Amino acid sequence: MRPFRKKRILIALGITLTLIVGCLIWGFFIEPNRLVLHEQTIQIENWPQEFSGLRIAVIGDIHTGGPFIDERKLKRIVELTNQQNPDLIVLLGDYMSSNSWHGHRVEPEVTAAGLKDLRASLGVYAVLGNHDWWYNGEKVRRAFEQNGIRVLEDEVAEIKWKNKSFWLAGLADLMTRPQHVSETIAQAPNGSTIIALAHNPDIFPRLPQTVSLLLAAHTHGGQVNIPLIGTPIVPSRFGRKYTAGHVFENGHHMFVTTGIGTSILPVRFRVPPEIVILTIKS
């Protein structure tokens with residue numbers, strides 16, 4: 001082999017190795033420790049004009065005890081969210097982590113206490129996820145409600161704003177709980193404006209047409225988004241269809257947040273941890 005050609009090959013190998021190491025460092029040690037603000041506006045055709053401009057902070061998959069998710073990060077989540085002055089804050093489940101080589105269980109009382117200072121004029125509401133029920137869903141619920149965060153488990157809540165009302169419908173986790181979607185939605189008065197909250201976006205096709213918007217989490221946005229390939233693994237039976245962001249299907253809307261923590265592998269690549277500020281307009 002000619003020396004010049006050999007040198008080019010060695011340079012190419014060196015660049016490739018540097019890129020691989022750099023991506024690994026970024027994916028395991030830098031991006032999972034980030035926290036970005038994701039602002040998005042959704043226009044809903046039948047959304048009441050009186051509620052146009054409603055700003056909702058959407059937070060999912062905190063997984064306290066996972067890599068980089070400690071009490072200091074909880075404080076940062078609260079500070080960054082409150083700085084946006086949202087009208088409403090929703091927490092979309094999976095606050096727990098299990099004991100593993102890359103994380104440890106933190107009791108829900110710690111997470112709930114860390115989030116109790118979240119502030120929004122219309123309140124702070126939560127649903128539970130599969131990791132919460134794999135641990136102890138009732139204990140997680142008690143911890144949150146003792147810290148002033150209302151948990152909706154197949155329940156609805158009336159939200160009064162600008163002399164009118166809309167309704168939040170909190171749906172039970174799809175993976176771990178019996179499903180009563182239609183019965184839960186029916187608790188709101190006929191003709192109501194309804195925003196549904198669920199941990200798992202795979203529940204979307206089951207929603208009645210009366211639901212204007214579903215807010216969900218669970219997928220972590222796939223955690224890894226490879227250029228030209230996309231997200232190889234998404235925890236959804238619909239594949240990449242509900243990976244992240246705004247989805248419009250069968251006449252109604254869904255928004256899926258990529259969440260904050262990690263699961264299975266402590267890695268994020270081109271899918272940064274996020275707090276979403278969602279503005280809804282008619």
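Laboratory data are not the source of any read-out in this text; all were calculated from the coordinates shown. These numbers were taken from a predicted model, which means no experiment stands behind them. Neighbour counts run over all protein chains shown; Cβ positions are idealised from the backbone, glycine included.
Which Cα, out of 239, 165, 149, lies furthest along the positive dipole direction of the stretch 127-240 (beta carbon charges, K/R +1, D/E -1)?
Value computed over the given set: 165.
Working from Cα positions, state the angle (0 to 90°, nearest 10) between the long axis of helix 3-25 and the longest principal axis of the chain.
30
Using a simple charge model, +1 on the beta-carbon of Lys and Arg, -1 on the beta-carbon of Asp and Glu, nothing else, what dipole does the stretch 87-159 show about its Cα centre, in debye to the nearest 20?
On the way: 7 positive and 12 negative charges, 54 e Å.
Charge dipole of the stretch 87-159: 260 debye, to the nearest 20.
Angle, helix 137-146 long axis vs. longest principal axis of the chain, Cα atoms, 0 to 90°, nearest 10?
The answer is roughly 70 degrees.
Using the reciprocal of the averaged 1/r over all distinct C-alpha pairs, how large is the Kirkwood radius of the stretch 62-112 in Å?
Taking the inverse mean of 1/r over all distinct Cα pairs, the stretch 62-112 comes out at 11.8 Å.
For a quick check of your reading of the filter: which GluC sites (Glu not before Pro) in the stretch 3-65 sit in a DSSP loop and have no more than 16 other Cβ atoms within 10 Å?
Qualifying residues, ordered by number: 45.
For the chain, what is the calculated [θ] at 222 nm in deg cm²/dmol (nearest 500), taking -39500 (n - 2.57) for each run of four or more DSSP H residues and dividing by its residue count?
That calculation yields -7000 deg cm²/dmol at 222 nm.
Stick to the Cα atoms of the stretch 1-135, pair each with every other, and give me the Kirkwood hydrodynamic radius in Å at one decimal. Walk me through the numbers on the way to the answer.
Values: mean 1/r = 0.0550 Å⁻¹.
Kirkwood radius, the stretch 1-135: 18.2 Å.
Would you please state the base-10 log of I(q)/I(0) at q = 0.18 1/Å for the stretch 57-167, with intensities from the Debye formula using one equal scatterer on every alpha carbon?
-0.86
Can you list which of the chymotrypsin sites (Phe, Trp or Tyr not before Pro) found in the stretch 84-128 are DSSP loop residues with at most 15 other C-beta atoms within 10 Å? Before the final figure, lay out each step's value.
Details: sites: 95, 101, 125; in loops: 95, 101.
Passing both the DSSP loop test and the Cβ count: 101.
Given the pairs 75/162; 116/139; 73/116; 164/281; 160/281; 160/241, which span a C-alpha to C-alpha distance of over 25 angstrom in this model? Write down the numbers at each step before the final one.
Numbers: 75/162 31 Å; 116/139 16 Å; 73/116 14 Å; 164/281 16 Å; 160/281 17 Å; 160/241 33 Å.
Exceeds cut-off: 75/162; 160/241.
Could you tell me how far the Cα centroid of the stretch 1-49 sits from the Cα centroid of the stretch 54-87, in Å?
24
Suppose we look only past 23 Å in the calculated P(r) of the stretch 202-282. What percent of the Cα-Cα pairs does that tail hold?
That tail contains 23 percent of the Cα-Cα pairs.
To the nearest 20 debye, what charge dipole does the stretch 115-190 have about its Cα centre, counting +1 at the Cβ of each Lys and Arg and -1 at the Cβ of each Asp and Glu? Before the final figure, lay out each step's value.
Values: 10 positive and 10 negative charges, 79 e Å.
Here the stretch 115-190 has a charge dipole of around 380 debye.
Take the eigenvalues of the Cα gyration tensor for the stretch 126-282, scale each by 5, and report the square roots as semi-axes in whole Å, largest first.
Square roots of five times the eigenvalues give 26, 19, 15 Å.
List, largest first, the extents of the alpha carbons of the stretch 230-271 along their principal axes, each in whole Å.
Extents along the principal axes, in whole Å: 36, 19, 16.
Using just the C-alpha positions of the chain as equal point scatterers, what log10 of I(q)/I(0) does the Debye formula give at each q in 0.10, 0.11 1/Å?
-0.51, -0.61
Taking the Cα centre of the stretch 44-180 as origin and charging only Cβ (+1 Lys, Arg; -1 Asp, Glu), how large is the dipole, in debye to the nearest 20?
Using Cβ point charges on Lys, Arg, Asp and Glu, the stretch 44-180 gives about 360 debye.
Residue 40 label point, 7 Å along Cα→Cβ, cut-off 14 Å on backbone N: hits in the stretch 236-255?
Residues 241-249, 253-255 fall inside that zone.
Rounding to the nearest 10 and keeping the result within 0 to 90°, find how far the Cα-based axis of helix 71-83 lies from the longest principal axis of the chain.
60
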